[in-house]
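Bear in mind these aren't lab numbers, they're just calculated from the coordinates by the rules spelled out. Here the structure is a predicted model, which is why all the values come from computation and not from measurement. Backbone-built Cβ (ideal geometry, glycine too); neighbour counts: all protein chains shown.
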Amino acid sequence: MPVFHLRTFVPGPLAEVYAFHTDTRNLARLQPPGFRLLRLEMPPVAGPGAVISLAVRFLGVTQNWKVCLDELTPPHGRPARARVVDRALESPFGFWSHKHVFVEEEGGVEMTDVVDFDPPGGAAGWLLLPGCYLVLYLMFRFRHAATRRIWKAA
């Protein structure tokens, strides 16, 4: 199974960076050019087991996602760390599990995204693997840069 991994440093307090990323209303602020959030449905309180439905338009194609929040671990320990794990119940991908890890460091937070996935399209989708990595890199790179900009401006 392919794994995508991206890490960056965010100059903000762990509790606030974690809270920002666990508030799904901020998802629209983190969409790169070419991605448009069309619909977002979520329960009033998003805890473990919550299911979030969304529709995203990418390159003129609408993708419907249904994602389960498997884990929401708020900041704890020394050094403080936090984690969010979501898993796609429905998506264009054959399999999708996204771990979002936050670790407190001096002056900010190390933020890491790890995505385990199978490419869309079944067996033929494996031919798309280089393109999948490129799209994931561009999408998460944008999200990390947007997060850094938000905290630098705060």
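In percent, rounded to a whole number, the relative contact order of the chain is 28, using alpha-carbon pairs under 8 Å and six or more apart. Output the 0 to 90 degree angle, nearest 10, between the alpha-carbon long axis of helix 129-153 and the longest principal axis computed from the alpha carbons of the chain. Helix 129-153 sits at roughly 30 degrees to that axis.
Shown for Lys152, Lys99, Lys66: other C-beta atoms within 10 Å of each C-beta, ranked fewest to most, produce the order Lys152, Lys66, Lys99. Residues whose amide H lies under 5 Å from that of Gln63, counting only those 5 or more places away or on a different chain, are Val56, Arg57, Phe58; hydrogens are built 1.01 Å from N in the peptide plane.
Across all directions, the average flat footprint of the convex hull enclosing the Cα atoms of the chain is 9.0 nm². Loop-located GluC sites (Glu not before Pro) in the range 25-121 (DSSP state not H, G, I, E or B) with no more than 12 neighbouring Cβ atoms inside 10 Å: Glu106. When both the range 122-144 and the range 19-88 are represented by their alpha-carbon centers, they are found 18 Å apart.
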